[in-house]
Amino acid sequence: MTSIVARDYPQEVALSLTAEGLHPVLARVYAARGITRAAQLQTVLAGLIPPAQLRNADQMAALLADAIAQHKKLLIVADYDSDGATACAVGVRGLRLFGATVDYLVPNRFDHGYGLTPEIVRLAAQSKPDIIITVDNGIASVEGVAEANRLGIAVLVTDHHLQGDALPDAVCIVNPNAHGCTFPSKNLAGVGVIFYVMLALRAELRQRGRFADGNEPNLTELLDLVALGTVADVVRLDDNNRILVDQGLRRIRAGKASPGVIALLRVAGRDPRRASTYDLGFVVGPRLNAAGRLEDMALGIECLLAQEMEQAQELAGRLDAMNRNRREIESDMQQAALAALEEVSAQDSYSLSLYDPEWHQGVIGILASRLKEKFHRPVITFAPAGDGKIKGSGRSIPGLHLRDALDLVSKRQPDLLLSFGGHAMAAGLSLMEENFPRFAELFEQVASELLTPADLEQMIETDGLLAAHDHTLEAALAIDGGVWGQGFATPAFHGEFAVAEQRVVGERHLKLKLRREGQLLDAMLFFQADPLPAVVHAVYQLGVNEYNGQQSVQLTLRHWNPA
């Protein structure tokens, strides 16, 4: 059974935050997340870390200012996920605001693979750019940059991924995680990095007298895209990222977002006026990602670049249809995976490695995430990649650094992995199909050495018990208006409830009335139609339900155990 534990928090800090005017429930929640002063929750743009502190941002701004003045042709090369797509849109829109001649190229996941490869450089060269600008990739593109140099194309790298042993020979690199960069926030997403470069470029052009006529571009117009990419890439929401995300959400709620973002929210039935980090991460992000997973991320980028709502709605509709198709493919793959796991005892293993020749390359990452959540083990799922090769996508749990584990596999059998890369919680790799059994056996061996049985016990952290008198609309609205995400988890509470009423709605969800301490509360349990027992110990979020213009408190159950 999954254990439920309450986060520790310094009570004196919670009391201090309450004295500063925070709701007592929020004060406790924030104290548990490292907030010590209410000022840390201020999200004004003036609170952003200055662009001058991002190493080489000023140098890159000067290079771009020169290129614009000389009417050079710029080409952005993006990654094919939500971060890459939003970063591309920010780069294209931002540079065009400054008068640049700029276009973009995004690799196809299936034809080209990830990053600025020599093949992509040769494809880019067909449009004869003077300068290539990478967004959300490039820090590892040693061979790709070398090919660009050979062809006489300058490369500017903007990225946020960890650098390897060798750096590409680019004209300029801006990356908060590059060695020697002292930028205080190491958690900028790729879209955050290129936004910072745009801020530095505006400052450079301002210094050159470019805006003497007062016609200075307003870069806040790009913040909805920055917020979307930051949340969808699941980077840690530190103080700086929370400013970027909150400011972007404010623009969306005020109806000032790009037509593409508004259209993606509406096609999913969400009200932009009440947009939240949940909407960015679990509604808009997946629809945008569907293009890169199933077809071509250029469709998603075009949606973000659309200037007219009619075009944005048409593209958002296509992305929504793709996402529905992705969900069907994922469901079929998950059923196949669970059927395969019936033949083995997942609980007796330290890892899960699965391959099916019918699986889709673009969906294996989501499948790995779902299985990791279900079985609380490192999972790597594989799909065919052509020419006898298979590609894998892995997701891990705390206690096993996935990229380091694959490095151990590679060192023990150097001929096994054709390629691999990633970080602690996610990684990708490729190998020959015939070597899958050998890989699965070796990866299990490595996982058993790095993990303990205790690491495999699933634990859910909550913000503790919530008194009956704290289940108020005021508290729910305060939580609803917050900026939550990776490293700054959405508040969740736990408690024992009697199930007073329950009925199935929408064929697969439960609408509930729960009783505790004489209080009757409305609640929802999504994606479960089987009835609950009479009493449950539940993990839940305190939310707001809006119906016919009336707001009320509603709990959303995230997990339950029999009491």
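The values are calculated or read from the model by the stated rules, or taken from the named source; none is laboratory data. None of the values given here were measured: they were computed from a predicted structure. Note that each Cβ is placed from the backbone with ideal geometry, even for glycine, and that neighbours are counted across all protein chains shown. These accessible areas exclude ligands, DNA and RNA; they are computed on the full protein's heavy atoms, side chains included. Shrake-Rupley method; radii C 1.70, N 1.55, O 1.52, S 1.80 Å.
Give me a count of the residues in the stretch 538-551 that are touching a strand residue (DSSP E or B) at 6+ places or on another chain (Cβ under 6 Å) and modelled with pLDDT under 95.
4
Being closer than 30 Å to ALA154 by Cβ and not in a helix (DSSP H, G or I) is the requirement here; does LEU75 meet it?
yes
Identify, from the list THR277, THR230, the residue that is out of contact with any Phe, Trp or Tyr (no Cβ under 9 Å at 6 or more places or on another chain), among the polar types (S, T, N, Q), within 23 Å of LEU48 (Cβ to Cβ) and open to solvent by less than 30 Å² (accessible area, probe 1.4 Å).
THR230
Considering only residues that are of a type in the set (S, T, N, Q) and part of a loop (DSSP other than H, G, I, E, B), look in the stretch 28-67 and name the one that is nearest to VAL102 (Cα to Cα).
So the first thing to find is which residues in the stretch 28-67 are of a type in the set (S, T, N, Q), and the list is 36, 40, 42-43, 53, 56, 59.
Subsequent filtering for residues that are part of a loop (DSSP other than H, G, I, E, B) retains 36, 42-43, 56.
Details: THR36: 44, GLN42: 35, THR43: 32, ASN56: 21 Å.
Looking at the filtered set, the residue picked out is ASN56.
Sort out which residues of the stretch 481-499 are crowded, with 18+ Cβ neighbours inside 10 Å and in a strand (DSSP E or B), and write them in order of number.
Within the stretch 481-499, GLY485, PHE488, PHE493, HIS494, GLY495, PHE497, VAL499 qualify.
Hey, among the residues in the stretch 69-117 that are among the polar types (S, T, N, Q) and in contact (Cβ under 8 Å) with a residue 40 or more places away in the chain, which one's surrounded by the fewest Cβ atoms within 10 Å (Cβ to Cβ)?
My answer is ASN108.
ASP530 versus (1) touching a Leu at 6+ places or on another chain (Cβ under 9 Å); (2) of a type in the set (D, E, K, R); (3) in a strand (DSSP E or B): which is the lone unmet condition?
(3)
Quick test for you: out of ALA424, ALA440, ALA383, pick the one residue that is at pLDDT 90 or above and either within 22 Å of ASN289 (Cα to Cα) or not hydrophobic (A, V, I, L, M, F, W, C) (or both).
Unique residue meeting the criteria: ALA383.
For the stretch 440-465, which positions are open to solvent by less than 90 Å² (accessible area, probe 1.4 Å), assigned to a loop (DSSP other than H, G, I, E, B) and touching a residue at least 60 places away in the same chain (Cβ under 8 Å)?
LEU451, GLN458, ASP463, GLY464
Working only within the stretch 122-146, note down all residues that are free of Cβ contacts under 8 Å to residues at least 40 places away in the same chain and either outside any helix (DSSP H, G or I) or surrounded by fewer than 21 Cβ atoms within 10 Å (Cβ to Cβ) (or both).
Matches in the stretch 122-146: ARG122, LEU123, ALA125, GLN126, ILE139, SER141, VAL142, GLU143, ALA146.
Examine the stretch 248-258 for a residue that is in a loop (DSSP other than H, G, I, E, B), more than 26 Å from ALA65 (Cβ to Cβ), under 23 Å from the mean Cα position of the chain (by Cα) and not small (Gly, Ala, Ser), and state whether such a residue exists.
yes
Quickly run through the stretch 491-502 and pick out the residues that are under 22 Å from HIS469 (Cβ atoms), out of contact with any Asp or Glu (no Cβ under 7 Å at 6 or more places or on another chain) and of a type outside the set (Phe, Trp, Tyr).
Result: HIS494, GLY495, GLU496, ALA498, VAL499, ALA500.
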